[in-house]
There are 4 protein chains.
Amino acid sequence: MDPPLNVPHRENETVLAEAVTNWMFTRDYVSQGLGIQIVEVGPGYSKLEMRVRPSMTNGHGICHGGVIFSLADSAFAFACNSRNQKTVAAGCSIDFLSSARVGDELCAEAMEQSLQSRTGIYDVVVTDQSGKRVALFRGRSHRVEGEVLKE
Amino acid sequence: MDPPLNVPHRENETVLAEAVTNWMFTRDYVSQGLGIQIVEVGPGYSKLEMRVRPSMTNGHGICHGGVIFSLADSAFAFACNSRNQKTVAAGCSIDFLSSARVGDELCAEAMEQSLQSRTGIYDVVVTDQSGKRVALFRGRSHRVEGEVLKE
Amino acid sequence: MDPPLNVPHRENETVLAEAVTNWMFTRDYVSQGLGIQIVEVGPGYSKLEMRVRPSMTNGHGICHGGVIFSLADSAFAFACNSRNQKTVAAGCSIDFLSSARVGDELCAEAMEQSLQSRTGIYDVVVTDQSGKRVALFRGRSHRVEGEVLKE
Amino acid sequence: MDPPLNVPHRENETVLAEAVTNWMFTRDYVSQGLGIQIVEVGPGYSKLEMRVRPSMTNGHGICHGGVIFSLADSAFAFACNSRNQKTVAAGCSIDFLSSARVGDELCAEAMEQSLQSRTGIYDVVVTDQSGKRVALFRGRSHRVEGEVLKE
């Protein structure tokens with residue numbers, strides 16, 4: 001599945017991001033357990049979808065903040081590992097703008113804002129099926145030793 | 001189960017906090033699904049425990065940040081609803097200090113730092129079985145209309 | 001200086017934002033003391049500039065984080081008060097991406113990300129004269145009673 | 001000014017923290033300009049005081065958030081450089097709990113929460129003369145190459 005040598009650079013990067021994400025996703029039992037779907041990935045980018053299930057609600061009957069965070073955090077993880085350099089979360093902040101309810105189709109889109117040396121900043125916007133913003137997430141990544149996918 | 005009239009004020013508050021937390025916990029399918037145990041609750045306070053299971057790992061083979069966040073977020077929710085005034089999360093930040101691994105016994109302790117009008121600040125410290133700090137969480141709460149437990 | 005009645009709605013909003021910002025700026029001794037210049041304001045928006053002076057450095061000889069924060073915080077304040085509803089900061093976070101040095105010309109651009117009921121989220125990007133990102137700031141606003149400019 | 005060899009370890013650390021802080025403070029034109037006073041420093045710790053002056057107010061006539069942040073940020077800087085390893089701020093968050101007014105005597109106390117490899121977390125609590133909490137600040141530090149004070 002090596003891209004041919006004459007594929008443009010950006011396309012190669014996308015192929016690499018897809019391979020890394022697929023590798024991570026098959027081992028990411030949380031993202032799988034939440035029913036997260038990968039819509040698109042690229043260098044420094046990812047877009048995920050997830051449907052809110054009854055098992056995702058909290059004591060107020062709305063989607064648990066931890067579930068929304070997990071969706072955003074997975075999008076962040078796929079975006080910051082997309083260049084195959086093993087990278088973990090150092091810290092994150094999330095602002096909850098509106099409640100999500102059972103049946104809502106959430107979308108999380110992660111975009112790289114900064115990447116310098118070992119540290120990156122990624123913004124993730126979580127929206128529902130109507131396009132309404134549910135949460136804004138900002139993640140700080142820290143690159144560690146090694147690659148995700150070995151040769 | 002009404003406390004007798006001569007019970008000191010603080011004790012009454014703890015009884016109320018326990019009743020509210022139990023009511024919320026039985027409806028909180030996320031906390032239940034994660035196997036979270038309530039250790040202690042009181043006014044503006046909660047302490048929870050959770051064992052890291054294989055299903056909680058991410059693509060790097062360590063506990064998913066969303067799971068650690070969910071544990072802290074539940075502790076925050078029980079602490080900020082402990083006075084029976086319906087309260088939701090406005091925003092949270094989390095710093096990840098060390099990885100948690102399968103089998104680790106995590107403890108999340110939430111403590112109220114500030115409560116004014118409708119807004120509160122709660123700090124949650126997540127530690128493992130050796131007492132090592134796994135994460136520091138800070139939540140901003142917003143009180144909405146109504147009570148959790150009706151008379 | 002009332003705008004004529006046939007001015008389009010957006011233009012009226014910009015005129016109001018400018019009037020509110022000017023009123024606030026003449027009373028904002030911190031922004032004035034830092035030599036901040038207003039480049040542009042509009043509904044939910046502001047753009048400021050500031051030159052880093054020798055008096056703005058810290059013990060490491062680079063621009064003090066508090067000065068960069070103050071620039072971003074002023075941009076946030078002008079953006080969230082731009083509709084003439086008195087609004088204060090509830091909380092802010094800032095990530096420092098690169099150092100600013102004496103002589104650097106910093107620009108802070110604040111953009112409204114969310115505004116619901118009394119709460120808003122504003123992102124501010126601080127760049128230097130080369131366009132390099134110096135800091136990312138996110139502010140959470142809280143509307144209080146009253147207007148900035150009285151009739 | 002070398003401490004004698006029989007001085008306990010902790011005392012040596014405090015002497016070092018004081019020397020580093022003094023060195024930084026004499027070059028920190030922002031802290032000096034704000035009239036900040038050093039009350040106490042130690043390993044991973046600092047306590048500062050500052051009186052709110054008329055020049056520190058914003059367009060709403062209360063102390064500018066950037067000034068409160070600067071006070072907290074200086075406390076953070078002195079705490080995270082206190083072991084003489086050159087350390088800068090990677091990011092900070094602040095929650096504003098109550099307004100500060102002209103004449104208020106603010107105190108900022110910084111306490112180390114975590115220090116691992118090159119990364120630390122410091123909490124700073126800002127209170128006024130009555131002990132009321134004005135702001136909660138959390139800083140993330142990043143150690144860079146070199147020492148603050150050379151031999």
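The values are calculated or read from the model by the stated rules, or taken from the named source; none is laboratory data. These numbers were taken from a predicted model, which means no experiment stands behind them. As a convention, Cβ positions derive from the backbone with ideal geometry for all residues, glycine included, and neighbour counts pool all protein chains shown.
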Can you find, within segment B:109-142, the residue that is modelled with the lowest pLDDT among those that are under 19 Å from residue B:77 (Cβ atoms) and basic (Lys, Arg)?
B:118
Count of segment A:130-151 residues which are touching a residue at least 40 places away in the same chain (Cβ under 8 Å) and either under 19 Å from residue A:99 (Cα atoms) or assigned to a strand (DSSP E or B) (or both):
14
Could you check, for segment D:109-118, whether at least one of its residues is crowded, with 21+ Cβ neighbours inside 10 Å and among the hydrophobic types (A, V, I, L, M, F, W, C)?
yes
Looking at C:74, C:93, C:98 in this structure, which one is closer than 30 Å to residue D:24 by Cβ, in contact with a Ser or Thr (Cβ under 7 Å, 6 or more places away or on another chain) and outside any helix (DSSP H, G or I)?
C:93
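Would you check if there is a residue in segment C:79-86 being in a strand (DSSP E or B) and more than 8 Å from chain D (Cβ to nearest Cβ)? Step through it out loud before you land on a result.
Keep residues of segment C:79-86 that are in a strand (DSSP E or B), which gives C:85-86.
After this cut, where a residue has to be more than 8 Å from chain D (Cβ to nearest Cβ) as well, the list is C:85.
Yes.
Which residues, counting only those in segment B:21-42, are more than 11 Å from every other protein chain (Cβ to nearest Cβ) and free of Cβ contacts under 8 Å to residues at least 60 places away in the same chain? So that I can check it myself, show each step before the final result.
Applying the first criterion (more than 11 Å from every other protein chain (Cβ to nearest Cβ)) to segment B:21-42 yields B:35, B:37-42.
Hits for segment B:21-42 are B:35, B:37, B:38, B:40, B:41, B:42.
For segment A:85-101, indicate whether the set of residues that are without any contact (Cβ under 8 Å) to a residue 24 or more places away in the chain and aromatic (Phe, Trp, Tyr) is non-empty.
No, segment A:85-101 has no match at all.
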Scanning segment D:115-137 residue by residue, those small (Gly, Ala, Ser) and under 19 Å from residue C:93 (Cα atoms) turn out to be D:120, D:135
Return the residues of segment B:47-78 that are more than 8 Å from every other protein chain (Cβ to nearest Cβ), over 17 Å from residue A:59 (Cα atoms) and crowded, with 24+ Cβ neighbours inside 10 Å; say none if nothing qualifies.
B:50, B:52, B:63, B:68
Restricting the search to segment C:123-136, which residues are surrounded by 15 or more Cβ atoms within 10 Å (Cβ to Cβ), away from chain A (no Cβ under 11 Å) and not hydroxyl-bearing (Ser, Thr, Tyr)?
C:124, C:126, C:128
Which of (1) without any contact (Cβ under 8 Å) to a residue 12 or more places away in the chain; (2) within 28 Å of residue A:119 (Cβ to Cβ); (3) part of a strand (DSSP E or B) is the odd one out, the single condition residue D:66 does not satisfy?
(3)
Just checking, which of D:102, D:41 is farther than 30 Å from residue B:92 by Cβ, buried (at least 24 other Cβ atoms within 10 Å of the Cβ) and not polar (S, T, N, Q)?
D:41
Can you find even one residue in segment B:114-125 that is small (Gly, Ala, Ser), within 24 Å of residue A:100 (Cα to Cα) and touching a helix residue (DSSP H, G or I) at 6+ places or on another chain (Cβ under 9 Å)?
yes
Could you say which residue among A:139, A:120, A:146 is more than 14 Å from chain B (Cβ to nearest Cβ) and closer than 26 Å to residue A:27 by Cα?
A:120
Those residues of segment B:115-129 that are small (Gly, Ala, Ser), part of a strand (DSSP E or B) and over 16 Å from the mean Cα position of the chain (by Cα) come to a total of 0
Can you spot a residue in segment A:17-40 that is part of a loop (DSSP other than H, G, I, E, B), modelled with pLDDT of 95 or more and out of contact with any helix residue (DSSP H, G or I) (no Cβ under 9 Å at 6 or more places or on another chain)?
yes
Does segment B:93-115 contain at least one residue that is over 26 Å from residue D:115 (Cβ atoms), of a type in the set (Phe, Trp, Tyr) and touching a strand residue (DSSP E or B) at 6+ places or on another chain (Cβ under 8 Å)?
no
Segment A:98-114: number of residues that are within 11 Å of chain C (Cβ to nearest Cβ) and within 19 Å of the chain's Cα centre (by Cα):
2
